[in-house]
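Here's the structure, in structure tokens; my notes come after.
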Amino acid sequence: MLGRVITFLLGMAAGVILCFAATNFHVVRAEDGFHLVHKQRARMAEAYVDVREFGVTDWTNHSELALELSAVNKQYVMGDGTTSAVESGLSKLPNWIRR
């Protein structure tokens, strides 16, 4: 009986840790591997993002992720062609997002 309770509690702890990680971090799959990027706003959206095939339109749709990558100096994940286009688009975001 005690073994089942301990297993249940360990499962609950693992679930809490995974939910915390999913709401506070992006796991970004890029050409050079995986990157863990802190989210500015805690939310479940975009917990895992595969950016290997992203174009300018995709980065426009994921502007908060692009901003967060820029904040931690990982612009190279966005690729050479889209970096300047995304950075010019980021400058148009409201100030409350760009903190």
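Using r as the Cβ-Cβ distance of Val56 and Ala14, and R0 as 41 Å, what FRET efficiency do you calculate, to the nearest 0.05?
Numbers: r = 39 Å, r/R0 = 0.94.
Calculated transfer efficiency: 0.60.
I'd like the GluC sites (Glu not before Pro) in the range 15-54 restricted to DSSP loop residues with at most 11 other Cβ atoms within 10 Å, sorted by number. Please report the intermediate quantities before stating the final value.
On the way: sites: Glu31, Glu46, Glu53; in loops: Glu31, Glu46, Glu53.
Passing sites in the range 15-54 are Glu31, Glu53.
Assign unit charges at the C-beta atoms only (+1 for Lys and Arg, -1 for Asp and Glu), then state the dipole size of the range 11-60 relative to its Cα centre in Debye, rounded to the nearest 20. It would help to have the intermediate numbers written out before the result.
Numbers: 5 positive and 6 negative charges, 64 e Å.
For the range 11-60, the charge dipole is close to 300 debye.
For the range 39-47, just list the computed ³J(HN,Hα) in residue order, Karplus coefficients 6.51, -1.76 and 1.60, θ = phi - 60°, integers in Hz, with x standing in for Gly and Pro.
In residue order, the calculated couplings are 7, 7, 10, 6, 7, 7, 5, 6, 5 Hz.
Rolling a 1.4 Å sphere over the protein heavy atoms, what is the accessible area per residue of the range 12-69, to the nearest Å²?
58 Å²
What's the FRET efficiency of Glu31 with Ser63 using the Cβ-Cβ distance as r and R₀ = 35 Å, to the nearest 0.05? Kindly include the intermediate steps, with their values, before the conclusion.
Values: r = 21 Å, r/R0 = 0.59.
The pair Glu31/Ser63 has a calculated efficiency of 0.95.
The values are calculated or read from the model by the stated rules, or taken from the named source; none is laboratory data. Worth saying up front: this structure is predicted, and the values here are computed from it rather than measured. Glycine gets a Cβ as well: all are built from the backbone with ideal geometry, and neighbour counts include every protein chain shown. The protein model used for the area step is the full one, side chains on, heavy atoms only, and it has no ligands, DNA or RNA in it. Shrake-Rupley method; radii C 1.70, N 1.55, O 1.52, S 1.80 Å.
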